[in-house]
Amino acid sequence: MPDALPIKSLANMPRLSPHDLAQSLATTLAHWHGREPLWVFGYGSLIWNPEFDFDRRVPARVYGYHRKLCLRSVRNRGTPECPGLVAGLDRGGSCAGIAYRVPADSVRAQFARLWEREMVMGSYAPRWLHVRRLDGQGGLTALAFVVRRDAPNYCGRLGEREIIDVLARACGCFGTSLDYLLRTVEGLRAEGLTDPHLERLAHRAQRLLGGARARG
């Protein structure tokens, strides 16, 4: 599976229609009876910019998946001419992040906001995963956006040197790819969590840029 699609292919990536988004959300909530809160697991920008309402947040870890900068971004953190990178939850390992509890009476409205933000490009598959709380209070089931390896913008085989090159150059309407990475690293640190791979990438990218930091 190639990691780098032609620029034209990335620029013309199809977007899910409102009907398709609604259908996807309905399928995901099909077995929910509407009387209990639901949890969402955040591992990237949802850590530091969730943009949905919740009544509780706790550090948590999911097993069987790991966080990786493995999705090309041609708008938010890059352009079609210079695609950026954002995180996906890919198979293997484990991933620490934040679990958010959404009250039952807010689920449909808040999940609709999530779908408009996370699902419009079709790069993720919504999955209900077992998540272990890191406050010692046991486990829970949470919705997570798992990367689709068949998505046109999936690039999970990039090496660190290639990733660093993207971080040094790519900028989109929400800022640079490096800023995305640094915000994620800082968001994890604020919760007492670390991701050694992301920490290493951030250190190498900042050293390459002489300590400069581009904020969007």
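Of note:
- Measuring nothing but how far apart in sequence close Cα pairs (under 8 Å, 6+ apart) lie, relative to its length, segment 7-208 scores a relative contact order of 27 percent.
- Extension reserve of the HIS203-TRP32 stretch, reckoned as 0.36 nm per residue once the Cα distance is removed: 57.3 nm
- Helical content of the chain, expressed as a calculated mean residue ellipticity at 222 nm, amounts to -9500 deg cm²/dmol (DSSP H runs of 4 or more residues, -39,500 (n - 2.57) each, divided by residue number, nearest 500).
- Charge-dipole axis of segment 7-208 as Lys and Arg at +1 and Asp and Glu at -1 on Cβ define it, positive-most pick from ALA30, LEU158, TRP115: LEU158
- Beta bridges by DSSP in the chain, antiparallel share as percent, to the nearest 5: 90
- Burial ranking of peptide ranges 81-93, 20-32 (average Cβ count within 10 Å, highest at the top): 81-93, 20-32
- Across all Cα pairs in the chain, the calculated P(r) in 5 Å bins from zero up to the longest distance comes to 1, 7, 15, 19, 20, 17, 12, 6, 2, 1, 0 percent per bin.
- Once both labels are positioned 7 Å from their Cα atoms along Cα-to-Cβ, the gap between SER94 and ARG133 label points is 1.7 nm.
- If the Kirkwood radius is taken over C-alpha pairs of segment 96-193, then at 10 °C and 1.306 mPa s the Stokes-Einstein diffusion coefficient equals 98 µm²/s.
- Cα gyration tensor shape of segment 70-134, rounded if a/c is under 1.5, else prolate or oblate by comparing a/b with b/c: oblate
Laboratory data are not the source of any read-out in this text; all were calculated from the coordinates shown. Nothing here was measured: the structure is a model prediction, and the numbers come from that model. Reconstructed Cβ throughout: ideal geometry from the backbone, glycine too, with neighbour counts over all protein chains shown.
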